[in-house]
Amino acid sequence: MEGSESEAAFNSLNLNPQLFINDVLNIADDLVDDAFDHFRQQASTSLKIEGTDRAQDLSRGVDIIRKKVQSDLDKKLAVWEQYCLDYVFQVPEGFDPSKNDEPPVDASLCQNAIVDTGLDAQLDLLRNELTEVSKENAALNREIQALEGQSVYRDRCSALVNETLQQYDLNSYHENFQEMVKTASELRMKVGKLQTEKMEESKRRKIDWINNAQRDPSVTEIRRGFYSAKLEDLEAFIAHIKNI
């Protein structure tokens, strides 16, 4: 870049690209040094080896790592420096910073732009509209929060009602089941009692019939045996059995 048209252009503007590049390189070196110094201090504190032989070993290890990092960084920064000199700080051919092709600016236009009352009024109107919109937005947010609170309250009430109904249904089912069991047990006892009474009544009738001194003589003859019984005696016996 030395002796080139770009160097002359930057010199005419009191600018030196090489000084800028050198400052960047120095800052990068300082950052690397500070980073590894901080790393060494933190490692020494964490390992509790300050003032021991292990502290020297740690310093040697950190220096080896820093040299490796510094070497790689220097190579990349050298490429960056060359790129800046070849492309970033190169001006177009024929560029003359002393020439200014832009037309002069009318100061009255700037003054009018500064004191434009119409523009100020529009800005004030926009500010007022923005304030109103902010208020409406805040009101809508409050309404949304209120609706969300009501929704949560309704959900809680619905959950409590459903839980109560479920509990009621369970209790009702349990009560109905217990009532059915009780009714079935009572019915079973009554049926058993009726059967017992019927059997006892039948047994009692048979005993009464056997022990009845006033029973039909033909039946008495049948009781002694069916071999010599007559047909009318058998019919009388069957009729008597049916009446028991």
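Highest mean first, what order results for 24-37, 149-162 on Cβ atoms within 10 Å? Mind showing how you got there, number by number?
Details: 24-37: 12.8, 149-162: 10.0.
Packing proxy ranking, top to bottom: 24-37, 149-162.
Restricting region 28-86 to trypsin sites (Lys or Arg not before Pro) that sit in a DSSP loop and have at most 12 other Cβ atoms within 10 Å of their own Cβ leaves K48. Annotation note: GluC sites (Glu not before Pro) in region 36-95 located in DSSP loop regions with a Cβ neighbour count of at most 15 within 10 Å are E50, E93.
Every read-out reported here was derived from the displayed coordinates using simple, explicitly stated rules and does not represent laboratory data. Just so it is clear, the model here is predicted, and its values are computed rather than measured. Virtual Cβ from ideal backbone geometry, glycine too; neighbours counted across all protein chains shown.
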